[in-house]
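First up is the structure itself, then whatever we jot down about it.
The values are calculated or read from the model by the stated rules, or taken from the named source; none is laboratory data. What you are looking at is a predicted structure, and each value in this text was computed from that prediction instead of being measured. We place every Cβ from the backbone using ideal geometry, glycine too, and count neighbours over all the protein chains shown. Heavy atoms of the whole protein, side chains included, go into the accessibility calculation; ligands, DNA and RNA do not. Shrake-Rupley method; radii C 1.70, N 1.55, O 1.52, S 1.80 Å.
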Amino acid sequence: MHALKSPDLHYREGAACLQTGDGFFRRDSRPSRDLSVLLAALQVSQAQRPLRWLDLMAGCGIRGLRWGLEARQIAQREVELWVNDADPDRACLLAANLQSLCSAPALTLRTSHLAAERLLRQAYLDQTFFDLIDLDAFGCPNALLQSALAVLRFGGVLILASTDGRSPTGHDRPAAIRRFGAAARAHPASWELALRLQLAAIAREAWLLGRGIEPVACFSDGRTFRLAVRLRKRAAAREEAQLGLLARCERCGDQAVQSLLKLSGWRPCACEDGLGRWAVTGPLWTGPLQSPELLQALLRLDPLLAGSLSPAGRRLLQRLQKDAGQPVCCWSTAELAKRLGIGGPPALQALVEALRIQGYQAQVSGVMAGQLRTDAPMAVLLQQCVDLVAEGR
Ligand SMILES: C[S@@+](CC[C@H](N)C(=O)[O-])C[C@H]1O[C@@H](n2cnc3c(N)ncnc32)[C@H](O)[C@@H]1O
Ligand SMILES: [Zn+2]
């Protein structure tokens with residue numbers, strides 16, 4: 001799969017100037033690379049000891065190169081940078097692109113062409129641990145989760161990508177069971193549910209190792225699902241309560257959520273004739289999707305890293321920073337308006353404010369455009385839409 005056919009001889013991004021080659025490369029993934037640079041820079045700004053970073057599926061090496069050139073501007077810190085791609089045909093390109101790092105002070109570069117699973121397992125045998133692992137995979141990365149988490153330091157960050165959109169969005173239900181051990185059903189907030197299924201998969205693997213997780217940032221463009229998760233030495237109190245099920249009735253649009261810890265029967269949905277049926281997705285992660293504090297800390301680093309954060313990257317971080325991802329139930333205002341038979345949807349922000357005035361939690365979704373999240377019952381939401389549209393808002 002080659003996103004860019006003709007080699008781009010001198011592609012510039014942040015402080016990097018490199019050849020992208022004729023392998024896989026996407027310019028429009030830049031915001032995710034910007035995020036990885038800021039996460040690395042935050043580690044440089046906070047660490048009291050040498051750091052070790054792993055770009056596990058490096059492609060042309062752009063992430064590792066940017067970490068080496070940009071994140072280390074923050075402070076003098078010893079860094080061991082591992083850059084790996086299984087494809088041996090990438091060796092010359094990687095060597096050429098990373099050349100400028102070979103003489104960089106306080107940086108040790110290690111380039112390899114190993115299958116990810118082999119590198120991770122060897123690192124475990126050697127007891128080599130990383131502060132940052134970027135796993136930018138094709139398809140579903142879940143087979144690598146256990147071995148990646150096993151070599152991540154406590155407090156370290158796993159940056160994960162999945163291009164498996166079909167199974168966690170309910171379009172390939174048997175594959176969702178195989179890959180996530182979960183039911184996945186179609187839902188207007190399908191990208192968010194896919195991210196929550198992915199977080200649940202990460203949490204289960206971390207828990208098996210006796211660890212806990214803290215989501216840092218989760219987002220998607222509908223094609224790639226991207227997550228950054230911090231590994232905790234131990235699970236937080238009642239972290240297991242964050243695993244739950246989300247139900248939605250396709251007929252009336254109602255939603256309900258339950259924690260697996262307190263799982264009991266489902267209440268009836270809003271169908272007046274009682275004939276509605278819940279379609280249940282999960283187990284999925286029902287806790288926060290983002291760490292607003294950590295994202296704020298990343299945004300504060302931006303002026304110190306001239307040129308690392310692109311306008312699109314900044315917009316993404318600002319959007320995510322405002323939405324921690326709670327409560328879980330997301331609603332599309334276009335869908336609500338359609339169900340009500342009112343022309344257009346009310347303004348998203350006006351709806352959020354009206355629900356807050358009534359004492360409900362409400363927030364514009366940072367994950368999908370045109371959606372809000374709230375704990376208000378559907379009847380309240382619908383009435384509020386009617387009132388706002390009547391007021392012309
Ligand atoms: C999505 S691309 C990486 C893009 C790159 N991180 C970027 O930001 O431009 C995935 C890369 O993973 C490599 N790859 C695929 N399977 C792998 C495996 N099992 N182990 C290591 N590398 C692998 C491919 O050769 C490909 O270059
Ligand atoms: Zn119903």
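Here are the numbers:
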item: Cα centroid of segment 87-151 to Cα centroid of segment 234-294, whole Å; result: 37
item: Residue-averaged [θ]222 nm for the chain, counting only DSSP H segments that reach four residues, each worth -39500 (n - 2.57); result: -10000 deg cm²/dmol
item: Among 231-241, 344-354, the order from most to least packed when residues are scored by Cβ within 10 Å on average; result: 344-354, 231-241
item: Candidate aspartates and glutamates - alpha carbon under 15 Å from residue 322, same-chain residues fewer than 8 apart omitted; result: 293, 353
item: Probe 1.4 Å - accessible area at residue 171, Å² to nearest ten; result: 120
item: Accessible-area ranking of 330, 92, largest first, probe 1.4 Å; result: 92, 330
item: For residue 103, solvent-accessible area (1.4 Å; no DNA, RNA or ligand), Å²; result: 100
item: Virtual spin-label span in nm between residue 28 and residue 347, 7 Å along Cα→Cβ; result: 2.9
item: Simple spin-label estimate for residue 154 and residue 364 in nanometres, 7 Å along Cα-Cβ; result: 4.0
item: DSSP beta bridge pairing in the chain, given as percent antiparallel to the nearest 5; result: 65
item: Ranked packing of 274-282, 189-197, most packed first, by mean Cβ within 10 Å; result: 189-197, 274-282
item: Set of aspartates and glutamates with alpha-carbon distance to residue 233 below 14 Å, sequence-local pairs under 8 removed; result: 131, 205, 214
item: Euclidean distance between Cα centres, segment 326-393 to segment 157-206, Å; result: 26
item: Heavy-atom accessible area ranking, 1.4 Å probe, most first, across 57, 368; result: 57, 368
item: Nearest-0.05 FRET efficiency for residue 252 and residue 113, computed from C-beta distance (R0 51 Å); result: 0.40
item: Extreme residue, positive dipole direction of segment 238-371, given options 313, 247, 326 (C-beta unit charges); result: 313
item: Residues in segment 198-229 reached by a label modelled at residue 262 [backbone nitrogen below 17 Å; 7 Å Cα→Cβ]; result: none
item: Segment 240-305 - percent of accessible surface contributed by carbon and sulfur, probe 1.4 Å; result: 55
item: With DNA, RNA and ligands ignored, accessible area of residue 221 (1.4 Å probe; Å², nearest 10); result: 80
item: Whether the chain is rounded, prolate or oblate, judged on the alpha carbon gyration tensor where a/c under 1.5 counts as rounded; result: prolate
item: Accessible heavy-atom area order of 62, 357, highest first, probe of 1.4 Å; result: 357, 62
item: Backbone HN-Hα couplings from phi across segment 269-285 [Karplus 6.51/-1.76/1.60, Hz, Gly and Pro as x]; result: 6, 7, 4, 5, 7, x, 9, x, 9, 6, 9, 9, 10, x, x, 9, 7
